[in-house]
Each structure stands twice: as C-alpha cells, then as structure tokens.
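Input: a single structure, listed below in structure tokens.
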Amino acid sequence: MTGLQTIADGMRRWRFWTFLAWQDIKQRYRGSVIGPFWTVGHLALTIAGIGFLYSGLMNISQDGYFPFLAAGLLFWFLISSTVVDATNAFPQAGSILRQSSVPPIIFPLRIVVRNLIVFGHNMFVFVVVAVIFGTTPDPLPLLFTFPLLLVNLAWLSILVALMSARYRDLGQLISQLMGFFLFVTPIFWVPSAVSGFRSAYVLYNPFAHFLEIVRAPLMGEAPAGISIVVCSALAVIGWAVAIFALIRHQRKVVFWI
C-alpha cells in the first residue's frame, strides 16, 4: 500500500478513531462522579474570576466582555488541548502501532475528536453566559468556520504528533509555547485595545485568526474577512505539508516511539 493509500485508508476509518476518542473519555473519567463536567466547572470558574477582574481593569462593560471571554476560552481550550495532546498521540498508541498495520494518521485524528467531545460539554458554559448577558449568536457562519477550524486542527495535530514522536523533548516546548500564546492571543484582551506595532499580536498570530472565525459568530458578529482568508490558506498549505510529512515518515513512527 502506497503512502497516499495508507492516509486515505486512515481517513476512511472515521468510526475507529471516533471509537478510540470516546474510549479515552470514558477511561479518563472512570470512577468520577461528575466526569467531564470537572472541565466545565474549571472553565466556568476561570470565566467568572477573570471576567470580573479584567472588565474592571480595562474599564469594559461586563455585558460585552463576559461573552467575549467565554467564547475565547471555550475555543482556546479546544485548540490548546488538541495541540498539547497531539504531542503524545503516537506514544499513547504505541502498543497498537507495534502489533498492527493501522494507518498512523488515525491517532492524531483521535486527539481532535477526543477534544471535540470535551468541547461539547464546555459549550454549556457559553450558553449560560450568553443567556445571562443577552448575547445572540449567529450560527450560520459557524457552518463554515467551525469545520474550517477543525480542518486546521487536524493538520496541526498530525505535524505536532510526527515531530514529537521524532524529537521527544519537543512536547515540553510545545506545551510551554501554548502557555505563551494564551497571553499574546486576544482571549483576555480585546483586539481593538492594541495599535501600532502591537497589532502584530493579532495580524501575524494564527491562533488569533482561528479564534476570530469562530468567536465572532458566537458574539452575533461576522468574522473578519482577513481571518477567513488566512485560515483557509493555512488549511490548504498545512494539509499539503502534513500529507507530504506522512508519506515520508509514517512508516518510521513505530521505530521512533
């Protein structure tokens, strides 16, 4: 089977990587009373604590800031958790890879689906915040922008998984970088608050564009056109690089882990 055929075979096995993701969730919260709602409580407490503090520090109306913060953290948890978890995608699946000829692409996609399930639970927090502060989302753009975000997370997970399997110390670096991007991405602060050279934190930050295309519709606004263009371009380029990397290295993964 050629490299492209192996990738296509892995993509077709969506039921398998969805099953693995669901089993991960069940295993993680086995024996827990409230299960994944621990993450819901964590997100809710973070929004409440930061929302009251930062809205006062930046002199912003709570009616606008709380939904902005809630939407930003909701999607940031999805993005950050997916990228960080991808660093362990292949080592976690080591026994399966050694004992079978399962296409390696399955395991980064498993990471995306697993965090998507957690995202579904966390969505409850934003719904509550939107009701309290009277925010009316516009779901129509999300029919395009949310899948676009997932497409970008998929190729990013594949590349991170491959690089982390080859260079094991890279996982720690990526975890630290995501912590850095948490503060330089407009999650706690609004993009309009920066100007001049500081606008580079928004214009040249891919995570800022990822957030913009999905957060704006939840705020009842249209996503910025530049962000849609950037995310679309990243999706095409990223998948091209990911497919090339898989063709070159997917057979080596089992020897790296």
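The values are calculated or read from the model by the stated rules, or taken from the named source; none is laboratory data. For clarity, every value in this text was computed on a predicted model and none was experimentally measured. Neighbour counts are summed over all protein chains in view; Cβ atoms, including those assigned to glycine, are modelled from backbone coordinates with ideal geometry. The accessibility values were calculated without ligands, DNA or RNA, using every heavy atom of the protein model including side chains. Shrake-Rupley method; radii C 1.70, N 1.55, O 1.52, S 1.80 Å.
Some notes on this structure:
- Surface share of carbon and sulfur [accessible, 1.4 angstrom probe, percent] for the chain: 67
- Length released on extending from E221 to V241, taking residue separation times 0.36 nm less the Cα-Cα span: 4.0 nm
- For segment 50-93 versus segment 147-222, the gap between their alpha-carbon centres in whole angstrom: 11
- With R₀ fixed at 35 Å, the C-beta to C-beta distance from V131 to R30 puts the FRET efficiency at about 0.60.
- Mean separation of Cα contacts under 8 Å, 6 or more apart, over the residue count of the chain: relative contact order %: 28
- Among S101, S227, the sequence by solvent-accessible area, most first, with a 1.4 Å probe is S101, S227.
- Divide the volume of the convex hull around the Cα atoms of the chain by the residue count and you get 135 Å³ per residue.
- Relative contact order of segment 86-232, defined on C-alpha pairs under 8 angstrom at six or more residues apart (%): 33
- On a per residue basis, the chain carries 50 Å² of accessible surface, using protein heavy atoms and a 1.4 Å probe.
- When R166, R110 are compared by accessible surface with a 1.4 Å probe, the order from highest to lowest is R166, R110.
- Difference of contour (0.36 nm per residue) and Cα-Cα distance, F144 to L116: 8.4 nm
- Approximate spin-label separation H249-Y167, in nm, with each point projected 7 Å along Cα-to-Cβ: 0.9
- Loop-located chymotrypsin sites (Phe, Trp or Tyr not before Pro) in segment 180-257, at most 13 other Cβ atoms within 10 Å (DSSP): Y204
- Estimated from helices alone, the mean residue ellipticity of the chain at 222 nm is -25000 deg cm²/dmol (sum of -39500 (n - 2.57) over DSSP H runs with n ≥ 4, per residue).
- Rounded to the nearest 0.05, the FRET efficiency derived from the C-beta distance between L45 and A193 at R0 = 22 Å is 0.35.
- Kyte-Doolittle at least 1.6, axis length at least 18 Å by Cα - qualifying DSSP helices, the chain: 106-133, 142-166, 170-184, 225-249
- Sites V184 and F16, calculated FRET efficiency, Cβ-Cβ separation with R0 35 Å, nearest 0.05: 0.40
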